[in-house]
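Trainee: The structure's right below; bear with me while I get my questions together.
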Amino acid sequence: MSFFSKKPGKKVTRLFFATDLHGSERAFRKFINAGKFYEVNVIVMGGDIQGKLMIPIIKESNGHHRATLQGRVEHLSTEEDLKQLMGRLDTLGFYYKVMAEDEFRSLQADPQAVHALFNELAKQKLTNWVNLAEERLNGTGIKCFVTGGNDDEWEVLNVMKREDAKSFFAVENEMVLVDDVHSMISVGISTPTPWHTPRETTEEELGKMIEEMAAKAPDMKKAIFNFHDPPVDSTLDTCPKLDWTKDPPAQIVEGGQVVLCGAGSRSVREAIEKYQPMLGLHGHIHESQSVAKLGRTTCINPGSEYAEGILRGCIVTFSDGEVQGYQMTSG
């Protein structure tokens with residue numbers, strides 16, 4: 001779905017938005033290149049940057065390697081096999097480390113050590129991504145704004161903040177200007193999920209966070225709400241209803257059909273309806289790619305297919321507090 005129009009004499013800003021990359025190297029590189037490719041002024045990453053899994057690659061006594069990926073043990077007899085596996089893991093957004101058998105067994109027996117290694121690998125990758133973004137965007141004039149999501153840990157996100165940043169800016173819980181007149185406020189925390197992710201809170205607390213951020217926006221008619229959680233029952237949050245009492249949570253089926261529901265946030269919707277910003281940028285629900293109007297506010301969820309190395313996004317064109325056009329992208 002897309003539409004385009006342009007009023008003469010108005011300065012137009014083009015923004016590219018993507019979200020929920022979950023550690024996928026291929027998707028992130030496409031995101032950084034999207035600025036030039038789509039000829040936009042601003043690129044925005046809407047959260048859930050961190051990967052979800054860590055895969056140990058065990059070096060065996062005969063020089064071969066093995067790894068368990070998606071329930072299957074893979075035996076790697078050559079360096080080329082190892083390189084190909086690492087490439088697949090990078091695309092899937094999984095972290096990995098080559099280790100000896102004894103280190104692997106020690107990790108198995110120490111959950112705290114596993115968590116520490118996971119966060120260390122996540123910080124290393126995110127640091128590399130910030131370096132790549134600064135290098136690729138240097139001299140282009142393209143600004144990159146990034147916030148975390150509910151799956152991201154503060155310890156990991158903190159590596160994004162740099163005093164010497166020229167192009168890549170971590171903006172969670174901040175108000176920034178995306179151009180001369182349009183502002184953006186960002187909140188990455190979500191309401192509760194059945195997976196008990198690192199950054200969740202109640203509707204009431206999320207509502208308070210949003211109110212604090214809204215007070216920083218100088219002009220709501222020219223404001224962007226970059227909130228990871230989508231507004232409830234908006235078509236941006238439609239997904240299978242889950243039974244939270246099961247481990248893992250299971251889809252609820254009635255009459256042979258999967259029951260769908262709106263899994264977004266009530267407080268996000270209430271804030272949008274109250275303040276009527278120009279634009280809402282959202283993610284969180286990967287399968288719910290959609291654009292919806294809540295009053296005057298254009299709300300967008302571009303969806304996510306990060307595990308396939310596909311970057312879903314949306315180009316938004318706006319001028320003087322009005323969205324002039326939008327176009328979903330995939331590639």
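The values are calculated or read from the model by the stated rules, or taken from the named source; none is laboratory data. Keep in mind it's a predicted model, so treat the numbers as computed, not measured. Cβ coordinates were reconstructed from backbone atoms using ideal geometry, including for glycine residues, and neighbour counts include every protein chain displayed.
Trainee: Does any residue of the range 206-217 turn out to be in the same structural domain as residue 157 (by TED's automatic domain parsing) and either more than 19 Å from residue 147 (Cβ to Cβ) or of a type in the set (Ser, Thr, Tyr) (or both)?
Mentor: Looking through the range 206-217, none of the residues is in the same structural domain as residue 157 (by TED's automatic domain parsing) and either more than 19 Å from residue 147 (Cβ to Cβ) or of a type in the set (Ser, Thr, Tyr) (or both).
Trainee: Could you say which residue among 260, 236 is among the hydrophobic types (A, V, I, L, M, F, W, C) and touching a residue at least 24 places away in the same chain (Cβ under 8 Å)?
Mentor: The conditions single out 236.
Trainee: Does residue 143 satisfy the criteria of being within 30 Å of residue 172 (Cβ to Cβ) and at pLDDT 95 or above?
Mentor: yes
Trainee: Okay, moving on. With respect to residue 123, determine if the residue is closer than 19 Å to residue 46 by Cα, free of Cβ contacts under 8 Å to residues at least 40 places away in the same chain, surrounded by fewer than 23 Cβ atoms within 10 Å (Cβ to Cβ) and of a type in the set (Lys, Arg).
Mentor: Spelling it out, residue 123 is indeed closer than 19 Å to residue 46 by Cα, free of Cβ contacts under 8 Å to residues at least 40 places away in the same chain, surrounded by fewer than 23 Cβ atoms within 10 Å (Cβ to Cβ) and of a type in the set (Lys, Arg).
Trainee: Given (1) among the β-branched types (Val, Ile, Thr); (2) out of contact with any helix residue (DSSP H, G or I) (no Cβ under 7 Å at 6 or more places or on another chain); (3) outside the structural domain of residue 26 (by TED's automatic domain parsing), where does residue 147 come up short, assuming only one miss?
Mentor: It fails just one condition, (3).
For every residue, the table says whether it meets (1) modelled with pLDDT under 95; (2) touching a strand residue (DSSP E or B) at 6+ places or on another chain (Cβ under 8 Å); (3) of a type in the set (A, V, I, L, M); (4) exposed (fewer than 14 other Cβ atoms within 10 Å of the Cβ).
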site: 50; (1), (2), (3), (4): no, no, no, no
site: 55; (1), (2), (3), (4): no, yes, yes, no
site: 73; (1), (2), (3), (4): no, yes, yes, yes
site: 78; (1), (2), (3), (4): no, no, no, yes
site: 84; (1), (2), (3), (4): no, no, no, yes
site: 89; (1), (2), (3), (4): no, yes, yes, no
site: 116; (1), (2), (3), (4): no, no, yes, yes
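Trainee: Still on this model: Filter the range 266-307 down to residues that are under 21 Å from residue 321 (Cβ atoms) and in a loop (DSSP other than H, G, I, E, B) and give me whichever is nearest to the chain's Cα centre (by Cα).
Mentor: 282
Trainee: Since residue 14 meets every condition but one in (1) in contact with a strand residue (DSSP E or B) (Cβ under 6 Å, 6 or more places away or on another chain); (2) assigned to a loop (DSSP other than H, G, I, E, B), which condition does it not meet?
Mentor: Of (1) in contact with a strand residue (DSSP E or B) (Cβ under 6 Å, 6 or more places away or on another chain); (2) assigned to a loop (DSSP other than H, G, I, E, B), only one is false for residue 14: (2).
Trainee: Scan the range 272-315 for residues that are surrounded by fewer than 19 Cβ atoms within 10 Å (Cβ to Cβ), among the hydrophobic types (A, V, I, L, M, F, W, C) and within 21 Å of residue 183 (Cβ to Cβ) and report the count.
Mentor: Residues in the range 272-315 being surrounded by fewer than 19 Cβ atoms within 10 Å (Cβ to Cβ), among the hydrophobic types (A, V, I, L, M, F, W, C) and within 21 Å of residue 183 (Cβ to Cβ): 1 in total.
Trainee: May I ask you to list the residues in the range 41-80 that are within 19 Å of the chain's Cα centre (by Cα) and not basic (Lys, Arg)?
Mentor: 42, 43, 44, 45, 46, 47, 48, 49, 50, 51, 53, 54
Trainee: Return the total of residues in the range 265-283 being under 11 Å from residue 231 (Cβ atoms) and in contact (Cβ under 8 Å) with a residue 60 or more places away in the chain.
Mentor: Of the residues in that region, 7 qualify.
Trainee: Hey, can you tell me all the residues within the range 30-48 that are crowded, with 18+ Cβ neighbours inside 10 Å and either touching a Gly at 6+ places or on another chain (Cβ under 6 Å) or part of a helix (DSSP H, G or I) (or both)?
Mentor: 30, 31, 32, 34, 35, 43, 46, 47, 48, listed by residue number.
Trainee: Could you pull out every one of the strands (runs of 3 or more DSSP E) wholly within the range 174-227 that has 2 or more residues that are touching a residue at least 40 places away in the same chain (Cβ under 8 Å)?
Mentor: 183-187, 223-227
Trainee: Could I ask something else about it? It is to be established whether one or more residues within the range 41-48 are acidic (Asp, Glu) and either over 26 Å from residue 118 (Cα atoms) or modelled with pLDDT under 95 (or both).
Mentor: No.
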